[in-house]
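*Asks:* Sharing a structure below in structure tokens format, with a few things to ask.
The values are calculated or read from the model by the stated rules, or taken from the named source; none is laboratory data. Computed from a predicted model, the values in this text were never measured in an experiment. Cβ placement follows ideal geometry from the backbone for every residue including glycine, while neighbour counts extend to all protein chains displayed.
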Amino acid sequence: MKKIAVMGSTGSIGTQTLEIVRSNADLQVAALAAGRNFRKMEEQVREFSPRLAVMWDKEAARELRERIRDTDTKVLEGMEGLLEIAVMEESEVLVAAIVGMIGIRPTIAAIQAKKTIALANKETLVTAGHIIMPLAAQEKVSILPVDSEHSAIFQSMQGQPRERVSRILLTASGGPFRGRKREELLNITVEDALKHPNWAMGKKITVDSSTLVNKGLEVIEAKWLFDVEPEKIQVVLHPQSIIHSMVEYADGGIMAQLGMPDMKLPIQYALFYPDRRFMDGKKVDFFEVASMTFERPDLETFPGLKMAYEAIAAGGSMPAVYNAANEKAVSLFLSKKIRFLEIYDLIREAMENHKVIAEPSLEDILETEAAVYEFIDTRRL
């Protein structure tokens with residue numbers, strides 16, 4: 001019996017993780033954590049009977065305690081609660097799927113407790129990869145990527161010599177606005193941005209996909225996960241979302257991972273690695289797909305991807321600025337307080353305003369995030 005703790009259990013990755021638990025009797029949920037959705041958490045607690053349940057929001061935790069008083073599940077709250085489930089003795093795997101920088105400290109704690117990390121939280125490596133990866137190596141802890149593209153890269157490297165990797169080909173669907181020019185994006189609404197052609201995801205990541213900032217974050221992640229310099233990471237638009245990423249080797253041979261656009265596949269792969277379990281659902285029918293196409297990303301219309309490479313080149317705390325500015329800008333866009341193209345403007349201004357910290361500590365990273373938020377709030381007054 002493999003016991004897991006799931007941070008972000010009410011979100012897209014979390015709920016799909018629990019779908020996999022339902023289909024595999026040898027998986028057991030030891031702990032669940034979420035932000036504010038106490039109603040969904042109550043449902044999950046009653047179905048999976050975890051020993052611990054954490055709500056980030058204090059009022060949500062209070063409400064959950066009242067609702068599940070008849071169960072044996074203990075309710076915790078805030079960062080203290082996240083840190084407790086990260087290191088709980090009975091859990092073998094921490095599924096880190098909680099959104100935002102709040103996932104960094106629990107991930108570090110879980111690594112120090114020698115837990116396997118199934119990583120879906122982008123911010124952890126984007127902002128603190130220089131801390132996380134050396135620590136994981138020191139503790140001999142596996143960080144297994146859950147993101148579909150990074151899982152594909154990881155799978156394409158199995159049995160291959162890492163030192164012979166010449167290029168990572170990171171695929172992207174292009175989102176709902178692929179092929180459009182800047183002037184066509186002037187009046188994009190929130191509803192438009194949330195209509196992804198292939199993937200069913202949470203709101204924030206869906207907007208990130210529409211701006212291509214999501215792909216920028218993935219480039220930064222790939223640098224840390226696979227110890228590859230950014231000039232060896234090439235983004236390729238692949239609208240059909242069948243090839244989830246590729247790895248080219250020194251001899252010109254390319255290994256690729258293909259599958260339907262379904263996040264349950266990389267989640268399950270991480271949970272049972274190196275095994276491959278049966279998974280129900282639609283499989284790729286190449287006669288139905290018929291053709292697969294590839295395009296270069298338009299960096300003029302979608303400058304968020306270009307800015308990611310600039311953030312990597314600047315190094316230090318700049319990726320944290322890129323991430324935080326985007327996080328704040330997308331929040332404002334989803335609240336209909338700024339227009340779509342202003343997301344790029346806010347990221348650019350925040351990066352230009354920042355003085356890079358060469359080797360930022362965790363405290364530096366968190367302070368940088370707060371400073372970026374304050375800068376954007378002040379700029380909008």
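*Asks:* What are the pairs with Cβ atoms under 7 angstrom where one residue, in region 226-250, is under 24 Å from His130 (Cα atoms) and the other, located anywhere, is outside any strand (DSSP E or B) and acidic (Asp, Glu)? Sequence gap at least six, or different chains.
*Replies:* Ser245/Glu149
*Asks:* (1) farther than 25 Å from Gly78 by Cα; (2) at pLDDT 95 or above; (3) not in a helix (DSSP H, G or I): which one isn't true of Pro176, the others all being true?
*Replies:* Condition (2) is where Pro176 drops out.
*Asks:* Can you tell me which residue within region 70-90, out of those that are over 18 Å from Glu47 (Cβ atoms) and touching a residue at least 60 places away in the same chain (Cβ under 8 Å), is surrounded by the fewest Cβ atoms within 10 Å (Cβ to Cβ)?
*Replies:* Glu90
*Asks:* Identify all residues within region 194-218 that are closer than 22 Å to Leu135 by Cβ and either touching a strand residue (DSSP E or B) at 6+ places or on another chain (Cβ under 9 Å) or assigned by TED's automatic domain parsing to the domain that holds Gly11 (or both); write none if there are none.
*Replies:* Looking only at region 194-218, we keep the residues that are closer than 22 Å to Leu135 by Cβ, and these are 217-218.
Glu218 - this is the single residue of region 194-218 that is closer than 22 Å to Leu135 by Cβ and either touching a strand residue (DSSP E or B) at 6+ places or on another chain (Cβ under 9 Å) or assigned by TED's automatic domain parsing to the domain that holds Gly11 (or both).
*Asks:* Related question: For a quick check of your reading: which helices (runs of 4 or more DSSP H) sit entirely within region 278-381 and have at least 1 residues that are in contact with a Lys or Arg (Cβ under 7 Å, 6 or more places away or on another chain)?
*Replies:* On the way: elements: 286-289, 304-314, 318-334, 342-353, 362-379.
It comes to 304-314, 318-334, 342-353, 362-379.
*Asks:* Before we move on, is Ile312 surrounded by fewer than 22 Cβ atoms within 10 Å (Cβ to Cβ) and not charged (D, E, K, R)? Break it down stepwise before answering.
*Replies:* Working: surrounded by fewer than 22 Cβ atoms within 10 Å (Cβ to Cβ): yes; not charged (D, E, K, R): yes.
The answer is yes for Ile312.
*Asks:* Of all residues in region 332-355, count the ones that are in contact (Cβ under 8 Å) with a residue 60 or more places away in the chain and either over 19 Å from Leu185 (Cβ atoms) or surrounded by 16 or more Cβ atoms within 10 Å (Cβ to Cβ) (or both). Before the answer, list the steps.
*Replies:* Filtering region 332-355 down to residues in contact (Cβ under 8 Å) with a residue 60 or more places away in the chain leaves 333-334, 336, 339-341, 343-344, 347.
The next check asks that each one be either over 19 Å from Leu185 (Cβ atoms) or surrounded by 16 or more Cβ atoms within 10 Å (Cβ to Cβ) (or both); those that pass are 333-334, 340-341, 343-344, 347.
Qualifying residue count, region 332-355: 7.
*Asks:* Tell me the strands (runs of 3 or more DSSP E) entirely within region 48-130 that contain at least 2 residues that are over 24 Å from Ala222 (Cα atoms).
*Replies:* Numbers: elements: 52-55, 74-77, 93-96, 116-119.
Fully inside region 48-130 and qualifying: 52-55, 74-77.
*Asks:* Now for a separate question. Of all residues in region 123-142, which are touching a residue at least 60 places away in the same chain (Cβ under 8 Å) and surrounded by 24 or more Cβ atoms within 10 Å (Cβ to Cβ)?
*Replies:* Within region 123-142, Glu123, Leu125, Val126, Thr127, Ala128 meet the criteria.
*Asks:* Given the criterion of a type in the set (A, V, I, L, M), surrounded by fewer than 19 Cβ atoms within 10 Å (Cβ to Cβ) and either assigned by TED's automatic domain parsing to the domain that holds Ile13 or modelled with pLDDT of 95 or more (or both), identify the matching residue among Ile242, Ile168, Ile267.
*Replies:* Result of the check over Ile242, Ile168, Ile267: Ile242.
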